[in-house]
Amino acid sequence: MSGKQFLKWGGENGILNFIINTTGCKPFSGAGINYRKEYKTTILKSVDNTYYYDDNMSDINNVEYTLFGHNGNQDENEKRFNEPLLNSQKTKNIFLYRVKMNGNKKIYIWYGKYEIVNKVKKLHPGKDKNERNIIILSLKKIED
């Protein structure tokens, strides 16, 4: 696994300051898709073992990221998260970081800058465990 690793969210040597310095944008720790309109930037967070999404972070150069929506069929036109991410007029820059658990400690891993190269739909259980259609983006790394 590559990518710059951080052992804490905030403070000195935390990933939050690194993200702000790298992107100019402040993400919310609780959101998976952080759209920043004024910067035309979206910061994505992937959390390992989130069963209702189907992210694949095994190859840092080509990742699969599930759009927002916990239950029911996902909607590309969902206004708060999905539509701004998918709209090339609204999002010019896409960055990604990953949250991995090591015992009961979180490790934050900066993956870098990406572009969307494909999207597919597939059946996958929701948070409510009911089958639904999810949308998975194929992202290609373009810089650290």
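The values are calculated or read from the model by the stated rules, or taken from the named source; none is laboratory data. Computed from a predicted structure; not experimentally measured. Glycine gets a Cβ as well: all are built from the backbone with ideal geometry, and neighbour counts include every protein chain shown. Just so you know, the surface numbers come from the protein's heavy atoms only, side chains and all, with ligands and any DNA or RNA stripped out. Shrake-Rupley method; radii C 1.70, N 1.55, O 1.52, S 1.80 Å.
Laid out as a table, the results:
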item: Test set (1) farther than 19 Å from Gly3 by Cβ; (2) in contact with a strand residue (DSSP E or B) (Cβ under 6 Å, 6 or more places away or on another chain); (3) without any contact (Cβ under 8 Å) to a residue 12 or more places away in the chain - Asn34 fails condition number; result: (1)
item: Filter pass, Gln74 being in a strand (DSSP E or B), surrounded by 13 or more Cβ atoms within 10 Å (Cβ to Cβ) and polar (S, T, N, Q); result: no
item: From Gly69, Gly112, residue being in contact with a Phe, Trp or Tyr (Cβ under 8 Å, 6 or more places away or on another chain), on the phi > 0 side of the Ramachandran plot and surrounded by 15 or more Cβ atoms within 10 Å (Cβ to Cβ); result: Gly112
item: Any hit, segment 1-9, residues being within 22 Å of Thr91 (Cβ to Cβ) and open to solvent by 40 Å² or more (accessible area, probe 1.4 Å); result: no
item: Sole exception among (1) farther than 22 Å from Ser2 by Cβ; (2) not small (Gly, Ala, Ser); (3) not in a strand (DSSP E or B) for Ile60, by number; result: (1)
item: Top-ranked residue of segment 14-53 - restricted to ones that are part of a loop (DSSP other than H, G, I, E, B) and touching a Phe, Trp or Tyr at 6+ places or on another chain (Cβ under 7 Å), ranked as farthest from Gln89 (Cα to Cα); result: Gly14
item: Out of Lys129, Lys122, sole residue that is on the phi > 0 side of the Ramachandran plot and among the basic types (Lys, Arg); result: Lys129
item: Pairs where the first residue, in segment 103-122, is free of Cβ contacts under 8 Å to residues at least 40 places away in the same chain and the second is open to solvent by 80 Å² or more (accessible area, probe 1.4 Å) and hydrophobic (A, V, I, L, M, F, W, C), C-beta under 8 Å, 6+ apart; result: Lys113/Ile142; Glu115/Ile142
item: Segment 17-33, subset of a type in the set (S, T, N, Q) and at pLDDT 95 or above, residue most open to solvent (accessible area, probe 1.4 Å); result: Asn21
item: Residues of segment 58-93 classified as closer than 24 Å to Glu131 by Cα, free of Cβ contacts under 8 Å to residues at least 40 places away in the same chain and of a type outside the set (A, V, I, L, M, F, W, C), total; result: 5
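For every residue, the table says whether it meets (1) buried (at least 16 other Cβ atoms within 10 Å of the Cβ); (2) of a type in the set (Val, Ile, Thr).
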{"site": "Lys100", "(1), (2)": "yes, no"}
{"site": "Lys105", "(1), (2)": "no, no"}
{"site": "Val117", "(1), (2)": "no, yes"}
{"site": "His124", "(1), (2)": "yes, no"}
{"site": "Asn130", "(1), (2)": "no, no"}
{"site": "Ile135", "(1), (2)": "yes, yes"}
{"site": "Lys140", "(1), (2)": "no, no"}
{"site": "Glu143", "(1), (2)": "no, no"}
